[in-house]
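Contents: one structure, followed by commentary.
Every read-out reported here was derived from the displayed coordinates using simple, explicitly stated rules and does not represent laboratory data. Since we're looking at a predicted model, the values are computed, not measured. Cβ coordinates were reconstructed from backbone atoms using ideal geometry, including for glycine residues, and neighbour counts include every protein chain displayed.
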Amino acid sequence: MPHNVVPAVVNVDLTGPRINRHIYGHFAEHLGRCIYGGFYVGEDSDIPNEGGIRLDVVEALRALDIPNLRWPGGCFADEYHWKDGIGPKADRPVMVNTHWGGVEENNHFGTHEFMALCELLGAEPYIAGNVGSGTVREMSEWVEYLTRDGDSPMVRLRKANGREEPWKVKYWGLGNEAWGCGGNMTAEHYANEARRYAVYSRSYGDNKLYKIAAGASDFDYHWTETLMKQLGHLGCQRANNSMYQAVSVHYYTIEGTWADKGAATEFDTDQYYTTMRKAARVDELLTGHANVMDCYDPTGEIGIVLDEWGTWWNVEPGTNPGFLYQQNTMRDALVASLHFDVFHRHADRLVMANIAQTVNVLQAMILTDPDSKALVLTPTYHVFAMNKGHQDADSLRVDLPEGAPGRDVDGEELRTVSVSASRKDGRVLFSLSNLDAEAAVEVELDLRGGAVGETASRILTAEALGAHNTPETPEAVAPREHEGVTRTERGLRVHLPAHSFVTVEAPLA
Ligand code: AHR
């Protein structure tokens with residue numbers, strides 16, 4: 001086999017854990033132009049909308065089969081008082097969004113608007129409650145308002161605001177980043193708070209809450225261990241569903257430092273590789289947290305929810321530093337494709353992941369232009385689109401040889417070929433990334449236990465790693481048909497140009 005051909009062994013008849021569709025989840029915070037100007041433009045806008053919700057954004061996200069949307073934060077969640085966001089808009093109090101730009105928040109996008117958005121998207125809501133500055137009663141009443149049927153004070157309030165039927169809300173966050181903007185707590189203190197809030201966040205009727213404890217930052221295994229210990233001591237309570245069912249973790253890919261994170265579009269090859277090395281560490285992160293959890297929960301009942309991930313660059317020059325608005329290039333696309341390969345490998349523990357954030361903030365799917373009101377789909381959007389067939393599919397293990405291409409980046413090895421695969425409804429989907437900035441590579445998919453029929457392949461790449469989409473050039477980075485798949489004795493050979501992402505789909509023969 002020529003040296004630039006990388007064999008990848010896939011047993012198509014040996015399926016692994018199912019890839020939860022919620023791994024392709026999203027996140028919308030009251031931050032910058034994510035909600036206002038992004039998802040929501042108000043009923044009086046000349047942009048086509050339904051109840052103020054931007055319909056072009058809805059259409060683009062529906063095409064991704066977006067499974068869930070986390071809201072209202074982020075840091076904002078621990079400052080949010082839900083009763084300010086219900087009732088006639090003119091009567092809703094104004095607050096200051098202290099975390100994000102110190103701008104005024106008029107609360108025009110509240111609970112009813114969020115639930116309407118989820119209905120339009122066909123996505124499940126994931127609500128993050130306020131533990132940092134709220135009360136147990138406030139959270140308890142929010143659950144009651146949303147999900148209780150019959151007659152009760154909160155049900156009457158909901159009905160007075162025009163909603164007869166309770167909504168279904170399964171995913172419920174017990175705060176956010178309690179170690180930081182969510183209250184600056186110790187792990188031990190928060191673990192007690194999480195239990196207290198969990199007790200009063202009740203499941204009504206057949207709406208069974210899936211409660212997610214606010215988890216660690218990055219590699220803070222002590223935080224996860226503390227949350228798991230609590231469940232260990234109260235194992236029988238876990239079994240009867242009165243505690244939290246998952247712990248979250250946040251991991252951002254930052255090329256530079258928090259003070260100077262690097263520019264989104266201007267970077268050199270070294271900075272590119274550093275970015276990819278840091279992105280690849282999400283594997284170590286998930287392995288580390290899962291190992292801690294295995295000690296306390298060997299049967300894997302408690303899930304990991306990576307409810308914030310993605311790239312974080314310096315804001316675009318001239319934009320509000322508190323709005324976290326950044327462009328999105330081919331580099332971001334490869335960060336996303338690499339994350340998904342890792343997520344697929346961790347499908348046994350990872351029950352959900354939410355990219356930060358869906359529109360106009362951090363590693364967004366969609367950028368809306370404040371002047372022209374045009375909507376731009378980012379390279380990251382296209383990775384989500386090309387990979388959507390993995391949602392709820394059975395993972396397939398992919399083995400690359402020891403000597404697979406790699407390079408030393410800042411003293412650590414970065415594997416430059418990444419592959420994952422899954423199987424659903426008699427079809428197989430392969431995702432392949434070539435992280436090498438300059439060299440093409442061939443991957444030989446050595447298929448065992450079955451063969452595949454006619455293939456359909458798509459590729460996402462661009463001349464430059466910094467290529468990105470704008471209202472003037474919306475398709476500078478867009479998927480196209482890929483001709484680089486050939487049949488071999490062993491399976492399929494896939495040509496991957498430098499810095500490219502390719503999917504290959506085929507029916508099982
Ligand atoms: O996604 C932006 C912010 O990053 C979130 O509000 C917070 O949870 C995290 O620190």
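Placing a label point 7 Å from the Cα of Arg407 along the Cα-to-Cβ line, the residues of region 276-296 whose backbone N sits under 14 Å from it are 276-278.
The alpha carbon centroids of region 85-138 and region 356-387 are separated by 22 Å.
Per DSSP H run of at least 4 residues, take -39500 (n - 2.57); add these up for the chain, divide by its residues and hand me the 222 nm value, nearest 500 deg cm²/dmol.
Values: 10 runs with 123 residues, N = 509.
One gets -7500 deg cm²/dmol as the mean residue ellipticity at 222 nm.
Judged by the ratio a/c of the largest to the smallest principal axis of the C-alpha gyration tensor, region 124-166 counts as prolate, that ratio being 1.5 or greater while a/b is larger than b/c.
Among the DSSP helices (H) of the chain, those spanning at least 27 angstrom by Cα along their long axis with an average Kyte-Doolittle hydropathy of -1.0 or more are 269-296; this is a geometric and hydropathy rule only.
Highest average first, the peptides 24-34, 306-316 ordered by how many other beta carbon atoms sit within 10 Å of their residues are 24-34, 306-316. Rounded to the nearest 20 debye, the dipole magnitude of region 23-392 is 880 debye, with +1 charges on Lys and Arg beta carbons, -1 on Asp and Glu beta carbons, and the Cα centre as origin.
Packing, as the average of other Cβ atoms within 10 Å across residues, places the peptides 403-412, 349-358 in the order 349-358, 403-412, highest first. For region 296-371, relative contact order (Cα pairs under 8 Å, six or more residues apart, normalised by length) works out to 40 percent.
Using the Stokes-Einstein relation with a Kirkwood hydrodynamic radius computed over Cα pairs, the translational diffusion coefficient of the chain at 37 °C and a viscosity of 0.692 mPa s comes to 140 µm²/s. Which residues does the label zone of Asp369 cover in region 469-492, counting backbone N under 18 Å from a point 7 Å along Cα→Cβ? Label zone hits: 469-478.
Charged neighbours of Glu308, selected by a Cβ distance under 12 Å, balance to -3 (K, R count +1; D, E count -1). Treating r as the C-beta distance of Glu301 and Asp206 and R0 as 22 Å, the FRET efficiency rounds to 0.60.
Full extension of the chain between Asp44 and Asp425 gives 132.7 nm of extra length, using 0.36 nm per residue less the Cα-Cα distance.
Descending by average beta-carbon neighbour count within 10 Å, the peptides 445-457, 123-135 line up as 123-135, 445-457, the highest first.
Once C-alpha pairs closer than 8 Å and six or more residues apart are averaged by separation and normalised to the residue number of region 307-432, the relative contact order reads 22 percent.
Which of the listed residues, Leu306, Ala385, Leu362, is farthest toward the dipole's positive end in the chain, when Lys, Arg count +1 and Asp, Glu count -1 at the beta-carbon? Sorting the options by dipole projection puts first Leu306.
Classify region 375-448 as rounded, prolate or oblate, taking a ≥ b ≥ c as the square roots of the eigenvalues of its Cα gyration tensor: rounded when a/c is under 1.5, otherwise prolate if a/b is larger than b/c and oblate if not. Oblate shape, in that a/c is at least 1.5 and b/c is the bigger or equal ratio.
In this rough spin-label picture, where each label sits 7 Å from Cα along the Cβ direction, the Leu508-Ser133 distance is 5.3 nm. Quick one: work out the % antiparallel among DSSP beta bridges in the chain, nearest 5. Roughly 60 percent of the beta bridges in the chain run antiparallel, per DSSP. Each Lys and Arg Cβ is given +1 and each Asp and Glu Cβ -1; about its Cα centre, region 147-285 then shows a dipole of about 1020 debye.
Where nothing but the Cβ of Lys and Arg (+1) and of Asp and Glu (-1) is charged, how large is the charge dipole of region 86-228 around its Cα centre, in debye to the nearest 20?
Details: 15 positive and 20 negative charges, 95 e Å.
Here the size comes out at about 460 debye.
Placing a pseudo-label 7 Å from each Cα along the Cα-to-Cβ vector at His189 and Trp258 gives an inter-label distance of 1.8 nm.
Would you mind getting me the FRET efficiency between Arg397 and Asn291? Use the beta-carbon distance for r and R0 = 22 Å, nearest 0.05. Kindly include the intermediate steps, with their values, before the conclusion.
Working: r = 19 Å, r/R0 = 0.87.
The value I calculate is 0.70.
Distance from the Cα centroid of region 243-257 to that of region 1-31 is 19 Å (rounded to whole angstrom). Farthest towards the positive end of the charge dipole of the chain, among the residues Gly52, Gly411, His99, is the Cα of Gly52, using unit charges on the Cβ of Lys, Arg, Asp and Glu. Computed over the chain, relative contact order equals 19 percent, with contacts defined as Cα pairs under 8 Å that lie 6+ residues apart. Counting only lysines at least 8 places from Lys208 when in the same chain, those with an alpha carbon closer than 22 Å to its own are Lys159, Lys168, Lys170.
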